[in-house]
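A short worksheet on the structure shown next.
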Amino acid sequence: MSALVYLPLLVPVLAAAAARPLAARLEPRLATWLLTATTVALAAFSTAALALMTASVLARSPLLAALGDYSQPVLRRGDPVPALAGMAAALLLTAAAVAVAVVIRARARALAESYRRAASMAPGGRVVVVPGHSIEAYALPGSPGRIVVSGRLLDVLNDRGRAALLAHEHAHLAGRHHLFTTVAHLAAAANPLLLPVARAVDYTVERWADERAAAITGDRRLVASTIGQVALLTAPRPARPRATLAITGARARSVSLAWAGPVPRRVAALLAPPPRRQLTLLAIVAILILTAGASAAEAARDLHALLEFAQTAR
Amino acid sequence: MPDEEPARDAGPGTPRRPPGALEAEVMDVLRAAGAPLSPGQVRERLAARQLEELSYSTVVTIVSRLHAKGLLERERTGRAFAYRPVDDASLAASQMRQALQAGTDHGAVLSRFVSGLSGRDARLLRQLLGEDEDQPG
């Protein structure tokens, strides 16, 4: 088996580095599909590579060599995977299986709880207003899903702000966004190098809902200011920088978002022109995934050929 | 939790109160108010109840502590925070959210409208939106 087997393990590092720039530049719906598919494909390929490495080292054990009736020396000469790497691969594979099981359990429980709570709410209304002073708004997946909003938040917003908020939350439910994030985080559990990609999916579903709200209300700036208004209601006290008043869309570009959290990035994206499809970026991601897939397949073919050769050499 | 800080801030010559008494008094003032109060307003109302004059920083210390305990919620009004007792309905809504967000990443099936903001993010956001910060305090 050639050293190609290591490639699927390295490609997720590239994907992790590319995830945030991609999430910022691609149209959010496309970005969500693409990044989720990327996590699944790369997690599958890297798991396959680990399985191949484990298998190639296991195959060298005398017991399996006798059972499979193939030549151990030929295997040893033909296989570049050191025994230590094979054992490390076996450990990683076990850890991945456990991590995936843990995440499946946690997500399944949370989802079941969400459905249960959504079902227990009054029939009919999509929007459930909870009385009280807290600032809360979230989409509760269920059948039907609910939008939970605190009465105080509704009081604070004007009609158009409410429309933007409800359109955003409704987009989450209609698009079943929790499934994308769940799948991406499952893949990241199998290969933790993919965690930045899964986090990028968390971000792109928010952007997806923001753009839906902008399309429905017909006003990107309204959605941006509503997000800002709600976020700042719970923000820490400002340091009052007097110099930074009245910066609008045109100068928004000069604000550095390099280390910013998701909320300022969402607002900046809404203040900028609508995102477009970027075929070059798409092509780069496709090449990355294909490289990982092809090298995993090639490594599998190599191992198979080697085993056959070792059998005939016997 | 050491309660000597407010007592010390209350200045010399004032009688020492048992620990927690000031907190209970502040909670009582806020419950009676029916609207969120700034620390300055809490201080005025305490004074109106013919309690000893507390310093502003003492009141800030007490309400911050009550907020940290989850008994008060606060919102920004201009430059200062206004505080009010947490009501049962809010508590239920936020407990539901917390239950469904257990372990932040792994169990998160809810999508909140906005996630938490750091101080830095808040500054960035104000820059982006060009918000005029001169609100009445």
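Worth pointing out:
- A:Leu140 vs. criteria open to solvent by less than 50 Å² (accessible area, probe 1.4 Å), in contact (Cβ under 8 Å) with a residue 60 or more places away in the chain and not small (Gly, Ala, Ser): no
- Selected residue [out of contact with any helix residue (DSSP H, G or I) (no Cβ under 7 Å at 6 or more places or on another chain), more than 29 Å from B:Arg84 (Cα to Cα) and within 11 Å of chain B (Cβ to nearest Cβ)] from A:Arg126, A:Arg107, A:Arg116, A:Arg152: A:Arg116
- Filtering B:Leu46, B:Leu91, B:Leu66, B:Leu124 for residues that are facing chain A (nearest Cβ under 10 Å), in a helix (DSSP H, G or I) and either modelled with pLDDT of 85 or more or open to solvent by less than 30 Å² (accessible area, probe 1.4 Å) (or both) leaves a single hit, B:Leu124.
- Each residue in segment A:116-126 was checked for being surrounded by fewer than 16 Cβ atoms within 10 Å (Cβ to Cβ) and outside any loop (DSSP other than H, G, I, E, B), and 3 pass.
- Filter pass, A:Ala258 being at pLDDT below 95 and within 17 Å of B:Arg126 (Cβ to Cβ): no
- Residues in segment A:252-310 that are of a type in the set (Ser, Thr, Tyr), more than 30 Å from A:Pro73 (Cα to Cα) and not in a loop (DSSP other than H, G, I, E, B): A:Thr280, A:Thr291.
- Identity of the residue in segment A:19-34, under 17 Å from A:Arg277 (Cβ atoms) and of a type in the set (A, V, I, L, M, F, W, C), that ends up most open to solvent (accessible area, probe 1.4 Å): A:Trp33
- Scanning segment A:144-165 for residues that are surrounded by 17 or more Cβ atoms within 10 Å (Cβ to Cβ), outside any helix (DSSP H, G or I) and of a type outside the set (Gly, Ala, Ser) turns up A:Arg146, A:Ile147, A:Val148, A:Val149, A:Leu157.
- Verdict on A:Ala235 being at pLDDT below 95 and either assigned to a loop (DSSP other than H, G, I, E, B) or away from chain B (no Cβ under 11 Å) (or both): yes
- Positions within segment A:57-67 being of a type outside the set (Lys, Arg) and farther than 13 Å from A:Ala88 by Cβ, in sequence order: A:Leu58, A:Ala59, A:Ser61, A:Pro62, A:Leu63, A:Leu64, A:Ala65, A:Ala66, A:Leu67
- Being modelled with pLDDT of 80 or more, out of contact with any strand residue (DSSP E or B) (no Cβ under 7 Å at 6 or more places or on another chain), among the charged types (D, E, K, R) and assigned to a helix (DSSP H, G or I) is a description that does not apply to A:Arg76.
The values are calculated or read from the model by the stated rules, or taken from the named source; none is laboratory data. This structure is a prediction, so every number in the text was calculated from the model and none was measured. A quick note on method: Cβ atoms are made from the backbone with ideal geometry, for glycine too, and the neighbour counts reach across all protein chains shown. These accessible areas exclude ligands, DNA and RNA; they are computed on the full protein's heavy atoms, side chains included. Shrake-Rupley method; radii C 1.70, N 1.55, O 1.52, S 1.80 Å.
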